[in-house]
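Report on the following structure.
FYI, it's all coordinate maths here, none of it is from the lab. The shown structure was predicted, so the numbers you read here are calculated from the model rather than taken from an experiment. Here the Cβ positions follow ideal geometry from the backbone for every residue, glycine too, while neighbour counts run over all protein chains shown.
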Amino acid sequence: MKYLLIMNINPNVLEALSEDERNAIGSGHEEFMRTIRESGEMISTNALADPSNSVVVRSKGGEQVVTDGPFVESKEYFGGYYLVDCETKERAVELAGMIPDAKIEGLGIEVRPVMFSAGSEM
Amino acid sequence: MAGDRAESLLRELAPQALGAVVRRYGHFDLAEDAMQEALLAAATQWAEDGVPANPRAWLITVTARRLTDLLRAEQARRRREEEVWRREPPLADYHTADADDTLVLLFMCCHPALSPASQIALTLRAVGGLTTGEIARAFMVPEGTMTRRITRAKQSIKESGIPFGLPPAAERGARLAAVLHTLYLIFNEGYASTTGPLLHRVELAAEAIRLTRIVHGLLPDDAEVAGLLALMLLTDARRLARTGPNGELIPMAEQDRSRWDAEQIAEGVALISEALPKGPTGPYQVQAAIAALHDEAPTAEATDWPQIVALYEVLLDLSDNPMVALNHAVAVAMTSGPEAGLALLDKLAADARLAADHRPYAVRAHLLEMAGDIEAAREAYLTAARRTTSLPRQRYLNARAARLTPPESTP
């Protein structure tokens with residue numbers, strides 16, 4: 001069963017962290033990637049650039065409009081994900097708990113089942 | 001055609017060759033790699049020069065030779081002085097019970113120390129003779145992911161020091177149950193994939209049937225093995241009728257029964273009819289008996305529902321499984337009316353194992369529709385559609401809900 005482990009980022013929370021804490025996040029992700037690669041559960045991961053780089057394409061009155069900025073203005077945004085293939089939902093939750101972000105108050109990992117997959121190497 | 005025949009011959013011989021080599025030399029992990037290389041060599045060489053006179057001996061010899069190379073390479077790398085490799089004459093005329101070897105391999109690959117995903121991957125590779133790439137595609141994960149899974153499984157086997165041999169008699173029953181469960185999971189993955197665009201991953205179902213057929217050939221007197229093979233054949237027989245032209249799911253009551261595979265049904269019915277009197281009766285036999293009753297009914301209405309209810313009650317006694325209870329409720333609704341089925345569903349509502357599942361809602365929706373409570377049925381279909389993680393199932397459930405929408409409220 002495939003799950004998307006969605007990392008929700010809050011820049012205010014991240015900025016308030018100390019240098020050491022931020023370094024710990026970096027090495028924590030490396031450690032996590034090593035763990036799920038070795039266990040054969042990792043499919044892919046991507047970290048996204050800041051949403052100030054986003055544009056949104058939407059339809060208004062039958063015409064397409066392109067606007068700068070994220071789809072929803074909010075303090076938290078979708079910062080990146082891990083796509084994993086694991087045995088159970090309990091294991092997916094366990095994996096989410098190993099991501100360093102899940103250990104920081106104000107951040108959180110959303111665990112969501114995947115319903116359709118297609119694309120590279122599959 | 002000739003290529004297909006060579007390939008099926010190779011896949012049949014693969015576990016025999018691997019078994020013979022591991023029995024003689026040990027090193028299951030490396031021998032398994034050697035077997036894969038030998039299969040590759042055979043695929044190209046046999047296509048050019050034709051199938052050798054004794055293909056089994058050819059494959060055993062080449063696997064043993066590749067194992068020698070791999071062990072030498074490993075030795076050189078690790079400089080392990082204690083790993084003394086004795087040259088032995090080729091294995092070509094080496095006779096042991098191939099049957100036992102294939103069975104031993106299955107027991108190894110389905111060892112309880114491995115996770116179900118690893119058991120499946122290793123069984124498909126070491127016994128099924130599939131390449132890692134083929135297995136990865138079947139499970140829609142990158143090849144690298146599957147490689148790790150297989151490597152890890154082989155590592156666990158190596159570390160656990162499981163000897164190459166049949167498990168002790170006291171463990172035999174439980175270990176065979178693990179093998180059958182793995183084969184059942186492979187079949188299910190092929191028949192009703194939980195994620196992904198395709199409802200059927202035909203090749204996995206066919207591979208599960210092929211492997212179960214081998215086990216049945218090795219243990220012809222085991223009623224549960226026969227039961228599992230019958231269950232797969234009787235379920236797979238409905239495959240073509242199970243989806244419409246656009247991949248949409250068609251429920252059994254609405255399937256075109258002329259598209260069911262009569263030959264496969266006949267084989268499944270014969271298997272289960274022969275197995276049941278042998279006893280002891282296990283869950284696969286009971287499920288096969290239920291599938292046979294469905295397959296033999298000319299229409300949904302003409303199905304022998306009272307007997308299906310009775311069989312589900314036997315199954316409930318054998319295993320406390322909420323999915324069985326759910327199917328039992330459906331069968332009761334067919335004999336005693338939807339209200340009786342709904343009453344059983346209410347009792348199931350407290351089962352924590354079903355809490356996040358879409359199926360109780362889907363069943364409730366069907367029974368409410370039967371009872372004529374259209375609005376509640378529609379709500380239940382929509383709830384089930386939101387909860388399922390299968391795309392074809394979601395389409396089906398949304399379509400059922402849309403059918404129940406009053407015309408004036410459709411936009």
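What the table shows:
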read-out	value
Label-point separation, A:Asn46 to A:Leu17 (7 Å along Cα→Cβ), nm	2.2 nm
Whole-Å semi-axes of the range B:297-402's equivalent ellipsoid (Cα gyration tensor)	22, 17, 13
Mean projection area, nm², convex hull over Cα of the range B:108-181	4.8 nm²
For chain A, the longest site-free run once chymotrypsin sites (Phe, Trp or Tyr not before Pro) in DSSP loop states with at most 15 other Cβ atoms within 10 Å are removed	A:1-70
Averaged over A:106-116, number of beta-carbon atoms from partner chains that fall within 10 Å	3
Loop sites in the range B:283-389: GluC sites (Glu not before Pro), DSSP, at most 14 other Cβ within 10 Å	B:Glu301
Mean residue ellipticity (222 nm) of chain A, computed from DSSP H runs ≥ 4 via -39,500 (n - 2.57), nearest 500	-9000 deg cm²/dmol
Net charge contributed by nearby residues that have their C-beta within less than 13 Å of A:Ala92 (K/R +1, D/E -1)	-2
Inter-chain Cβ neighbour average for residues A:35-42, partner chain, 10 Å	5
Cα gyration tensor, chain B - rounded (a/c under 1.5), prolate or oblate	prolate
Largest to smallest principal axis extent of the C-alpha atoms in the range A:4-105, angstrom	49, 35, 19
Low-density loop positions, trypsin sites (Lys or Arg not before Pro), the range A:52-122 - DSSP coil, at most 12 other Cβ in 10 Å	A:Lys75
Difference of contour (0.36 nm per residue) and Cα-Cα distance, A:Val111 to A:Glu76	11.0 nm
Cα-projected label distance for B:Arg56 with B:Asp221, points at 7 Å along beta-carbon direction, nm	2.2 nm
Length gained when the stretch B:Arg213-B:Glu274 is fully extended (0.36 nm per residue, less Cα-Cα span)	20.4 nm
MRE, 222 nm, helices only [DSSP H, n ≥ 4, -39500 (n - 2.57), over chain B, to nearest 500]	-22000 deg cm²/dmol
Length released on extending from B:Arg172 to B:Ala43, taking residue separation times 0.36 nm less the Cα-Cα span	42.9 nm
Computed P(r) (all Cα pairs; the range B:135-277; 5 Å bins; percent)	2, 9, 14, 17, 18, 15, 12, 8, 4, 2, 0
Assigned charges on the beta-carbon of Lys, Arg, Asp, Glu; chain B dipole about Cα centre (debye)	1360 debye
15 Å reach of a label modelled at A:Ser54, 7 Å along Cα-to-Cβ, counting backbone N of the range A:65-80	A:66-80
For the protein assembly as shown: rounded, prolate or oblate by the Cα gyration tensor [a/c cutoff 1.5]	oblate
Longest DSSP-loop-exposure-free segment, GluC sites (Glu not before Pro), chain A, at most 16 other Cβ within 10 Å	A:1-72
Cβ-Cβ FRET estimate between B:Ala350 and B:Leu318, R0 fixed at 22 Å, reported to 0.05	0.50
Inter-chain shielding of B:137-145 (mean C-beta neighbours from other protein chains, 10 Å cut-off)	6
